[in-house]
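This report refers to the structure that appears directly beneath it.
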Amino acid sequence: MKLNFLIAVLLFFILTNCSAQRKAHKTNTVKSTAMAVAVEKTGSKVSVKEAQEALDFHNKARQELGIEPLQWSHELSKYAQEWADHLANSNCDFDHRPDSGKWAQLYGENIYWGKGGIYTALDASKSWFKEKKSFKNVPLSSSNWSKAGHYSQMIWRKTKHVGMGVAKCKDGSYIIVANYDPAGNMMGEKAY
């Protein structure tokens with residue numbers, strides 16, 4: 001009788017422990033794959049390593065808020081690269097794409113400019129992230145979006161893809177452009 005009882009207790013312990021381990025493994029897998037989005041090619045002058053660092057940084061910011069991770073887009077990177085090159089060839093002007101014409105804006109966009117060193121997509125992402133201190137998750141209006149618009153685009157829940165391009169200007173400064181699809185910062189909507 002004691003032997004049957006010991007076997008039953010042992011079986012219960014083994015089954016309970018295995019079930020807990022399976023749950024823990026499943027939970028750990030979900031947590032680790034939320035950030036494990038590999039960049040295989042960029043579509044721009046941003047290196048694969050730099051693209052991965054910027055994507056991981058974006059996704060860490062999103063994960064902190066429980067927002068799905070972004071995917072890297074070769075097409076958006078090509079689009080961002082075209083604008084970065086255009087700006088670099090236009091005296092390094094710091095301008096967003098216009099609403100119409102040849103260079104019309106089709107996606108959400110963040111732009112970064114840096115001088116006096118070498119700047120990467122991660123540097124740009126970290127700069128945009130600093131706006132978090134001014135961010136409030138309230139419906140956007142013309143009076144409240146400008147202080148944290150780069151950050152809110154990074155974490156915009158409906159945005160699923162990002163791509164980035166970089167260009168070096170004649171004066172040695174860098175322009176980094178990020179494009180997001182679907183675009184964020186929609187007036188009257190919250191980021192998440």
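Full-extension gain between Ala38 and Lys158, please, as 0.36 nm times their residue separation minus the C-alpha to C-alpha distance.
Working: separation 120, 0.36 × 120 = 43.20 nm, distance 2.05 nm.
Length gained, Ala38 through Lys158: 41.2 nm.
If the limit is 30 Å between Cα atoms, which of Lys102/Lys136; Lys41/Lys147; Lys49/Lys133; Lys132/Lys168; Lys60/Lys170 go over it?
Lys102/Lys136; Lys41/Lys147; Lys60/Lys170
Quick one: net charge around Tyr79, please, counting Lys, Arg +1 and Asp, Glu -1 for every other residue with C-beta under 14 Å from its C-beta. Spell out each step's value before the answer.
Values: positive: Lys45, Lys78, Arg97, Lys102; negative: Glu75, Glu82, Asp85, Glu109, Asp181.
Counting the neighbours of Tyr79, the net charge comes to -1.
Would you mind putting 99-105, 113-119 in packing order, based on average other-beta-carbon counts within 10 Å, highest first?
Working: 99-105: 10.0, 113-119: 12.6.
My ranking of the peptides, most packed first, is 113-119, 99-105.
Could you sort the peptides 55-62, 128-135, 79-86 by per-residue average Cβ neighbour count (10 Å cutoff), highest mean leading? Please list the in-between numbers first.
Numbers: 55-62: 20.5, 128-135: 15.8, 79-86: 22.0.
Ranking the peptides 55-62, 128-135, 79-86 by packing returns 79-86, 55-62, 128-135.
Solvent-accessible area of Leu65, probe 1.4 Å, all protein chains present, reported in Å² to the nearest ten, please.
For Leu65, solvent-accessible area is about 50 Å².
The values are calculated or read from the model by the stated rules, or taken from the named source; none is laboratory data. Fair warning: this is a prediction, and the values are worked out from it, not measured in the lab. No Cβ is skipped: glycine too gets one built from the backbone with ideal geometry, and neighbour counts run over all protein chains shown. Side chains included, ligands, DNA and RNA excluded: accessible areas come from the protein's heavy atoms. Shrake-Rupley method; radii C 1.70, N 1.55, O 1.52, S 1.80 Å.
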